[in-house]
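The structure appears below as structure tokens.
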Amino acid sequence: MRIKSLYILPALLLGMLLSFYGCNKVTDDSTSAIKLVITKITGTNWTGNESSVLESDVIVSYPDTGETTVQNDYGTAYMIAYPYNPNETEHSFYENIQIKEYHVSYVRSDNRNREGIDVPRSFWGRLSVMIPPDGNEHSVVFILVRADAKMEKPLVDLRYGGSEKELEVTAVVEFYGEDLSGHSVYVKGSIPVVFANYANKK
């Protein structure tokens, strides 16, 4: 019985440790004492309309001149920063969050996610945005769809119709930064995007 007990105890301790580290890794990749939360992400297309679903025009045609162009589509992430400790009432300057970069990738509901074939290519972008941990909502503007992506597959194929007149994806946006003490901060959100050759009327 003693021998069995000696083996059981280390096994239980190992299981507890793995569970502890596993939960922390899944829950949050941040090391800061400040929690960063995305309340919503909206998209703005070439018309300037802001919506919870981005209608991304793969080519913009100007009826008056006949000219065509491709343009970036922008997203706005609305974020709130606050301390993990609910009893903290005074905030240090070093608790401010600086967002430095972001990553955008696209996924389809049918899991056909080959970049440059089924969905646009993912990309990284740079930011320099400061968010204080004051519990108020702050907006961060970023490029959600690059103009270059509209000149590559699969978006370029949507210009003239064909078998697929539109492409529905979810844009997954990940933000990376740190507080001014150097502790990492990470947050992720998403927004539906519908690509098509929309009729351009102003």
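The values are calculated or read from the model by the stated rules, or taken from the named source; none is laboratory data. Note that this is a predicted model, so its numbers are computed, not measured. Cβ sites come from the backbone with ideal geometry, for glycine too, and all protein chains shown count toward neighbours.
Here's the yes/no breakdown for (1) in contact with a helix residue (DSSP H, G or I) (Cβ under 9 Å, 6 or more places away or on another chain); (2) touching a residue at least 40 places away in the same chain (Cβ under 8 Å):
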position	(1), (2)
97	no, yes
109	no, yes
121	yes, no
125	no, no
133	yes, yes
139	no, yes
What about residue 134, is it closer than 19 Å to residue 180 by Cα and either part of a loop (DSSP other than H, G, I, E, B) or under 15 Å from the mean Cα position of the chain (by Cα) (or both)?
yes
Residues being under 17 Å from residue 114 (Cα atoms), β-branched (Val, Ile, Thr) and surrounded by 18 or more Cβ atoms within 10 Å (Cβ to Cβ): count how many of those fall in the stretch 146-192.
1
Would you confirm, using the coordinates I've provided, whether residue 110 is of a type outside the set (Gly, Ala, Ser) and at pLDDT below 95?
no
Among the residues of the stretch 63-79, is there at least one that is of a type in the set (Phe, Trp, Tyr) and assigned to a helix (DSSP H, G or I)?
no
Could you tell me whether residue 67 is under 17 Å from the mean Cα position of the chain (by Cα) and either acidic (Asp, Glu) or not assigned by TED's automatic domain parsing to the domain that holds residue 179 (or both)?
no
When residues of the stretch 122-141 are limited to those that are of a type in the set (A, V, I, L, M, F, W, C) and touching a Ser or Thr at 6+ places or on another chain (Cβ under 8 Å), the one farthest from residue 45 (Cα to Cα):
140
